[in-house]
Amino acid sequence: MTNAPNEATIMSLGIYKQIGKNIRARRKELGLTQEELGEAINKHQHVISRTEHGHTGITIYTLCVYALALRTSVNDLVLKDPEVKS
């Protein structure tokens, strides 16, 4: 049995940066500001900014909250490459 990766390992893989890029891309698609998204999910604009830049971790619960507010799926926030236009 292998050990689960710690937070530093996960952050070094760029997972949070990818999620942040996806959140930002979807927010912009919807024409929302960070402030407007923050109001929708009860988070300060500073938290939205840190999340979008991958400077902070994100729980599964919070990821679900973002997905609902952004009218998208958790899969799209985690797996989608915002550089590729569909």
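Among the residues making up the range 56-72, those that are surrounded by 13 or more Cβ atoms within 10 Å (Cβ to Cβ) and part of a loop (DSSP other than H, G, I, E, B) are T56, G57, I58, L70, T72. Beta carbons closer than 7 Å, at least 6 apart along the sequence or on distinct chains, pair a first residue in the range 15-42 that is without any contact (Cβ under 8 Å) to a residue 40 or more places away in the chain with a second that is aromatic (F, W, Y) for I41/Y66. Answer with yes or no whether T51 is surrounded by 15 or more Cβ atoms within 10 Å (Cβ to Cβ), in a helix (DSSP H, G or I) and modelled with pLDDT of 95 or more. It is true that T51 is surrounded by 15 or more Cβ atoms within 10 Å (Cβ to Cβ), in a helix (DSSP H, G or I) and modelled with pLDDT of 95 or more. When the range 37-82 is filtered for residues that are among the small types (G, A, S) and at positive phi, only G54 remains.
Per-residue answers, yes or no, for (1) outside any helix (DSSP H, G or I); (2) modelled with pLDDT of 95 or more; (3) surrounded by 14 or more Cβ atoms within 10 Å (Cβ to Cβ):
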position: N3; (1), (2), (3): yes, no, no
position: M11; (1), (2), (3): no, no, yes
position: I19; (1), (2), (3): no, yes, yes
position: R24; (1), (2), (3): no, yes, yes
position: L32; (1), (2), (3): yes, yes, yes
position: L37; (1), (2), (3): no, yes, yes
position: A40; (1), (2), (3): no, yes, yes
position: H46; (1), (2), (3): no, yes, no
position: N75; (1), (2), (3): no, yes, no
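The values are calculated or read from the model by the stated rules, or taken from the named source; none is laboratory data. Fair warning: this is a prediction, and the values are worked out from it, not measured in the lab. In this analysis, Cβ positions are derived from the backbone assuming ideal geometry, glycine residues included, and neighbour counts consider all displayed protein chains.
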